[in-house]
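Let me begin by presenting the structure, written as structure tokens, before commenting on it.
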Amino acid sequence: MELREEERKQIFEKRLKLVRTPPKRTHDPFQPPVDDKPPTVLPSAGRPSYQHPRVEPSEDPVIRAFIAPPVSQPSRPSQSKDSRVVGEIRTNHIDVCQILKSRLSVLKKARSEWSVSDPKIALDLAINSGNQAALVDVLNVLYLKRTLWTLDMAVASLPDLRLLFKSKYDAYIVCGCNVLKLILKSFGPVIKTNMASPPSHGAQAVDITREERYEKCHTCHSHLMSLREDIWRLQNAPGPASKLIREQALVDVFSVLD
């Protein structure tokens, strides 16, 4: 069977290189429409057209059930209320600054007098200033330096101790308890001895030192007896002082004078 000329060429002649990459399409037959709107469908003849009404999500009762209600914002205080609060804070701050300034001024003067003269002068300055906070500061320092105490300092401080026991501040009451116990422990025996044997005025020689000591002891004894009654009354009365007085056992400390 003889081969044709075309068949022989296809069998024996060298073939060209195969291109496996598919050819690019010049156009896509399935391109999306340019407009997102659905195509307009013309109603067929003899059939009425019907268009479904569009329902907003907020109007749909099913969707509205799953939508969280708007959160109500907390009401902000008015500007007038803020300004009033700031004004009150500023006023109280100014008052506190003035109190601290006055207290610091008294303490500076007391320290200056103490450094150049006698601690008794510093104590008198704190007492005469009328600043109870500064007086408590000075008494707390003197309580730590018991060797500096004299009978004159006891006479000067006892009247103000009665005011400290009536204070509403616990620190003032504790300071009064400490100073009172110090005075009774240091000068209680001396006061008791001088009150038991007063100086004789019929003697020819007058002991001026003994006379002065007796007067100081007599003054201290009078203040201590008044303090004893106040402390007994405060101990049995409701208030912050009763608990502190019982803890300090001040009533038993007065037994040194009996």
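The values are calculated or read from the model by the stated rules, or taken from the named source; none is laboratory data. This one's a predicted model, so the numbers in the text were calculated from it and none came from an experiment. Positions of Cβ are backbone-derived with ideal geometry, glycine not excepted, and every protein chain shown enters the neighbour counts. For the accessible areas, the whole protein counts, side chains as well, though only heavy atoms, and no ligand, DNA or RNA atoms are used. Shrake-Rupley method; radii C 1.70, N 1.55, O 1.52, S 1.80 Å.
Here Leu182 clears all of (1) open to solvent by less than 40 Å² (accessible area, probe 1.4 Å); (2) more than 18 Å from Ile127 (Cβ to Cβ) except the condition numbered (2). Could you say whether any residue in the stretch 148-158 is touching a Leu at 6+ places or on another chain (Cβ under 8 Å) and not in a helix (DSSP H, G or I)? Checked the stretch 148-158: at least one residue is touching a Leu at 6+ places or on another chain (Cβ under 8 Å) and not in a helix (DSSP H, G or I).
Looking only at the stretch 105-114, residues that are without any contact (Cβ under 8 Å) to a residue 24 or more places away in the chain and open to solvent by less than 90 Å² (accessible area, probe 1.4 Å) come to 4 in all. Do we find a residue being at pLDDT below 90 and touching a helix residue (DSSP H, G or I) at 6+ places or on another chain (Cβ under 7 Å) anywhere in the stretch 137-156? Checked against the condition, which is being at pLDDT below 90 and touching a helix residue (DSSP H, G or I) at 6+ places or on another chain (Cβ under 7 Å), the stretch 137-156 yields at least one hit.
Against the definition (among the β-branched types (Val, Ile, Thr), open to solvent by less than 60 Å² (accessible area, probe 1.4 Å) and farther than 19 Å from Ser255 by Cα), how does Val174 come out, yes or no?
Details: among the β-branched types (Val, Ile, Thr): yes; open to solvent by less than 60 Å² (accessible area, probe 1.4 Å): yes; farther than 19 Å from Ser255 by Cα: yes.
Yes.
Of the numbered criteria (1) of a type in the set (Phe, Trp, Tyr); (2) without any contact (Cβ under 8 Å) to a residue 40 or more places away in the chain; (3) within 14 Å of Leu180 (Cα to Cα), the one Phe254 fails is (2).
Does the stretch 130-147 contain at least one residue that is open to solvent by less than 80 Å² (accessible area, probe 1.4 Å), of a type in the set (Gly, Ala, Ser) and at positive phi? Break it down into steps so the answer makes sense when it comes.
Keep residues of the stretch 130-147 that are open to solvent by less than 80 Å² (accessible area, probe 1.4 Å), which gives 130-143.
If we keep only those that are of a type in the set (Gly, Ala, Ser) too, we end up with 130, 133-134.
Filter again for at positive phi, leaving 130.
Yes, there is a match, as at least one residue in the stretch 130-147 is open to solvent by less than 80 Å² (accessible area, probe 1.4 Å), of a type in the set (Gly, Ala, Ser) and at positive phi.
Within the stretch 101-137, how many residues are basic (Lys, Arg) and touching a Ser or Thr at 6+ places or on another chain (Cβ under 7 Å)?
Just the residues of the stretch 101-137 that are basic (Lys, Arg), to begin with: 101, 103, 108-109, 111, 120.
Checking the rest, the ones that are also touching a Ser or Thr at 6+ places or on another chain (Cβ under 7 Å) come to 120.
Going through the stretch 101-137 one residue at a time, the tally reaches 1.
Just checking, which of Ile94, Ile127 is more than 25 Å from Glu212 (Cα to Cα) and either buried (at least 17 other Cβ atoms within 10 Å of the Cβ) or at pLDDT below 90 (or both)? It would help to see each step written out before you state the result.
Numbers: Ile127 fails: more than 25 Å from Glu212 (Cα to Cα).
Selected residue: Ile94, the only one of Ile94, Ile127 that is more than 25 Å from Glu212 (Cα to Cα) and either buried (at least 17 other Cβ atoms within 10 Å of the Cβ) or at pLDDT below 90 (or both).
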